[in-house]
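First comes the structure, then the notes that go with it.
Values in this text are rule-based calculations from the coordinates and carry no lab data. For clarity, every value in this text was computed on a predicted model and none was experimentally measured. Cβ coordinates were reconstructed from backbone atoms using ideal geometry, including for glycine residues, and neighbour counts include every protein chain displayed.
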Amino acid sequence: MRLVFAMAETHERAPTVIDRYYTRWYKTDMKGRSCEDHCILQHSNRICIITLAESHPILQQGRKIKSIDYRISDGCSRLNNKVSGKSKRGGQFLTEFAPLCRITCTDDIEYTIFSCIRGRLLEVNEDILKRPDLLLDKPSTDGYIAVILPKLEESKTVTKGLLTREEYEDVISKRNTQPQESL
Amino acid sequence: MMLSLKDKDRAVIRKLLAAGCCGRCVLRFCCVGKYSSYQQSCEDIEKELLAFLGTDDAEQSHDASGETETGDPPCKKMKLESPGENASAGGAPEPKVQSGVCVACVGVLQHFCDQSYAKQVSDVVRKGEYRFDSLMFAVSLPAQLSVREHSLWLHIKKEVREKSMCLDKEDVVQVKDAFKWAVQGLVGKELGASVLANSAFEVSVGFAHPETDGDCHFLATECPDCFKPTKNKASVFTRMAVVKALEKISDTKFLRHYPCPPVSPSSKCTPLDTTCLHAPVFIAGRYNKFSRELPQTPWVIDGERRMEGSVEELIANPLLTAFKADGFNFCSSGREDVDVRTLGNGRPFAIELLNPHRAKFNRSEMRQLQETINTSSDKIRVRDLQIVTREATSRMKEGEEEKTKSYSALIWTQKPITPADLDCFAKIKELKIDQKTPLRVLHRRPLAVRQRHIHSMSASYLDTHHFTLQLRTQAGTYIKEFVHGDFGRTKPNLGALMETEVDILELDVESVDVDWPPAVPE
Ligand SMILES: [Zn+2]
């Protein structure tokens, strides 16, 4: 699989909002599914934004999105999530492997996006339902998947199983140079 | 007569003295409302009471002789009905003042109404080094005094009612009031201050009497709902709770559980520490913040300080020193982020100084204080510094939502721009934007979508990727999020309007349009 990167050229500018206030964490090959990489942006206030990593298959050249569905089962839809008050009462509590949504591409391949971290679901991005292109054009900003608030006492430990930006880049470059093992 | 007692008080006085009441407490139950009566010494009051009882028959006969105007010499009748004869005839014992601690006030009105106690209190006040020209005097008494008072009231109710049907328990002068009437004048004189019912400076004294603390306990079993434990109270037997329970309990029930009259205590009460408290002083002004590395309030994360200094400390510290205050509360019309400057006329603020030991500063002293603040740091500047009332500070928050704030922002654009690209901003008026609670504050604020108005904008071109954007907005608009969009959560945002990615590099508050506090001419 060929990956297109545009990392080098973005850095002729000052640090972005994400550079300034967020730490990037990664989960590669989520649930053993090859290349299904997630990126978690953790704000210094512990809030986490779940996004697709730039290496996720959906974001590869020429892919188009057919549908995005936050209704992950008959009984549960992330669209029904409601939080109230400062303490965000009522938000669904998610574990690492809780599915957030399913995305189907025009070639009918379906991908599941996962929470990757434990925490309370604050909001999902309804904009991408109306404009799936947002997800393709701005996967790390306007095309985010969900916002999650880890428990205060877990804010330091929720990212334990995740990769740092450096480790992620390492994984990607190895993936690109070594031929993929097929199962 | 000094004590302004009436004939029908005699029965009440006899009963109270026999029960072991002190002179001042006797006056209280006789509903004597004359302050000066309580200012005499205990001995004088008691002497007068005995004399009053002693003159019983003499006076009656005198009155009688006056009314009838018979020619009989008064001395004759006096001889016939001497006090001694009268007492033995009625079977009542010779009236005398009990020597022990008073059953009603447990010594408060016996041992702490004199010059030496007033001096003791005044010495403590002087040590506090407060500046004041008036004071108010507060006293806290053990809750069980209300129980003792109730018992004594039941003891003499019949006699009081005979005196006048309209008299009730509420007409009895309270220990608290009698104590104040007796002693607060002495304290005021000692300190050279007038004693008022309302003063910013409060001197508090109090008494404890552990020996009789148990007096209240039976009330908890009789009226359990009056004594619910609260977190911040050491004991459930607060004065309020005891008074409430006494209002509820029937006389029969009360008398079943508590002696009437009360048992004489063996020790007198002990005075608690005298404390002083000055009402807060409120200082208002406007501040400029010239640093992009200065938070408005101390920035502490996980108990660790993240940045040196803060706007509120730079302003408050010289004020704390000058007013010799114990602490402060800072509040302002909105606030700016660490990296945002506040220029122009500045941002209105108010500081509440707690327990100031000095509260009066004239205009020129305030100007001097402002100068001290301004020379102490070049990161901030203060103007219009003045003392205001607590009520006036609410004007700062009044209609805050409707107020206008002006900003200046340095913008970066991803796509190259020309000056002509910026012409569009002048045409945009009253732009409505929908802002979801910014992610950077979402951890501590509720999630909501708020509509805000950007009244007007104008732009000045700098180079192909930079320009300055001037904005006039409704207060409460998050400018940074309006510029970068906050993951598309502010709609529309500047990036969407310009159809390119944009970022905010610097932000200045140019003006906060709140017309309070009033300007102070330089
Ligand atoms: Zn007494």
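The packing ranking, built from the mean of other Cβ atoms within 10 Å per residue, places the peptides B:26-38, B:292-304 in the order B:26-38, B:292-304, highest first.
When you count, for each residue, the other Cβ atoms within 10 Å and take the mean per peptide, how do A:150-161, B:43-54 rank with the highest first?
Details: A:150-161: 13.7, B:43-54: 16.8.
Averaged packing, sorted descending, gives the order B:43-54, A:150-161.
Calculated [222 nm] ellipticity per residue, helices only, for chain B: -10500 deg cm²/dmol; basis is -39500 (n - 2.57) per DSSP H run with n ≥ 4, divided by all residues, nearest 500.
Going by average Cβ density within 10 Å per residue, which order do the peptides B:227-235, A:36-44 take, highest to lowest?
Those peptides, ordered most packed to least, come out A:36-44, B:227-235.
Distant-in-sequence amide contacts of residue B:299, defined by a placed amide H-H separation under 5 Å and a gap of 5 or more residues or a different chain, comprise B:306, B:307. Measuring nothing but how far apart in sequence close Cα pairs (under 8 Å, 6+ apart) lie, relative to its length, segment B:405-473 scores a relative contact order of 46 percent.
For the segment B:488-494, counting C-beta atoms of other chains within 10 Å of every residue's C-beta and taking the mean gives 3.
Each Cα pair under 8 Å and six or more residues apart adds its separation to the average, and for chain A the resulting relative contact order is 22 percent. How much mean residue ellipticity at 222 nm does chain A get from its helices, if each DSSP H run of length 4 or more adds -39500 (n - 2.57) and you divide by all residues, to the nearest 500 deg cm²/dmol? After summing the helix terms and dividing by residue count, I get -3500 deg cm²/dmol. Among the residues of B:437-447, the average count of other protein chain beta-carbon atoms within 10 Å of the residue beta-carbon is 6. Relative contact order of segment B:281-401, taken over Cα pairs closer than 8 Å and 6 or more residues apart, is 40 percent.
Semi-axes of the equivalent ellipsoid of the protein assembly as shown are 80, 33, 20 Å, computed as sqrt(5λ) over the eigenvalues of the C-alpha gyration tensor in descending order.
Let me spell out the model: positive unit charges on the Cβ of Lys and Arg, negative unit charges on the Cβ of Asp and Glu, origin at the Cα centre of chain A. What dipole size does that give, in debye rounded to 20? Walk me through the intermediate numbers first.
Numbers: 29 positive and 26 negative charges, 157 e Å.
Computed charge dipole of chain A: roughly 760 debye.
Counting every C-alpha pair in segment B:403-512, the share spaced more than 21 angstrom apart comes to 31%.
Derived scalar couplings between HN and Hα for segment B:297-310 equal 10, x, 9, 10, 10, 6, x, 10, 6, 9, 8, 6, x, 6 Hz in order, rounded to whole Hz, by the Karplus curve 6.51 cos²θ - 1.76 cosθ + 1.60 (θ = phi - 60°), x for Gly and Pro.
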